[in-house]
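Please read the structure below before turning to the comments.
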Amino acid sequence: MIKKLLPLFGLVLGLAAGGGAALVLAPPPEKDPTETVSVEAAEIAAQVDTEDTAATNTEIVKLPNQFIVPVIVHNRVRAMVILSVALEVESGMADRVRTLEPKLRDTFLSELFGLAALDGFKDELITRSTLELVKAALTERSKAVLGLDQVTILITDMTRQDAL
């Protein structure tokens with residue numbers, strides 16, 4: 001008799017454990033989509049208004065060559081991070097950026113190599129936090145080199161190629 005009840009008891013126990021795990025590991029409930037859309041629409045509208053006034057006073061200078069940064073783990077190159085960068089500066093400052101491009105490239109490379117040495121690119125994928133870290137670091141360095149207050153780094157392309 002017990003031999004017949006034991007598989008049933010195991011089945012009920014397994015179902016209960018699976019249901020409990022589903023409740024614990026379930027994603028959090030989503031917010032009301034209409035509420036999220038209206039908040040996002042308001043944020044986008046405010047950002048567009050700010051960009052419209054800023055766009056007339058700025059210009060974008062794309063640096064012609066990519067930046068290639070090796071990701072070294074245990075004294076071996078494990079990946080290469082490749083970046084394309086542009087700078088958004090005040091109108092009339094594009095010539096200054098082009099004149100100081102070699103110094104900017106040197107400063108950017110030293111900053112990117114420093115970030116790579118501090119495991120800034122250790123993730124398998126390039127994450128948003130990595131992107132924001134790189135943008136913030138390069139923005140500060142470019143402000144120092146160019147001597148301008150209004151400089152924004154635009155990363156137009158960022159890829160990671162893992163070595164075999």
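In table form, for the structure just shown:
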item: Close pairs from the stretch 55-75: first at positive phi, partner at pLDDT 85 or above and in a strand (DSSP E or B), Cβ under 6 Å, at least 6 apart; result: none
item: Number of the condition not met by Phe121 [criteria: (1) surrounded by fewer than 18 Cβ atoms within 10 Å (Cβ to Cβ); (2) aromatic (Phe, Trp, Tyr); (3) assigned to a loop (DSSP other than H, G, I, E, B)]; result: (1)
item: Hits in the stretch 79-103 - residues which are touching a residue at least 24 places away in the same chain (Cβ under 8 Å) and part of a helix (DSSP H, G or I); result: Ala94, Arg96, Val97, Arg98, Glu101, Lys103
item: Unmet requirement for Thr36, which otherwise passes all of (1) surrounded by 11 or more Cβ atoms within 10 Å (Cβ to Cβ); (2) modelled with pLDDT of 85 or more; (3) polar (S, T, N, Q); result: (2)
item: Of all residues in the stretch 129-152 being in contact (Cβ under 8 Å) with a residue 24 or more places away in the chain and over 22 Å from Val71 (Cα atoms), the one that is nearest to the chain's Cα centre (by Cα); result: Thr152
item: Residue check for Arg160: in contact with a strand residue (DSSP E or B) (Cβ under 6 Å, 6 or more places away or on another chain) and among the basic types (Lys, Arg); result: yes
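The values are calculated or read from the model by the stated rules, or taken from the named source; none is laboratory data. Source: prediction; values computed, not measured. Ideal geometry is used to build each Cβ from the backbone, glycine not excepted, and the neighbour counts take in all protein chains shown.
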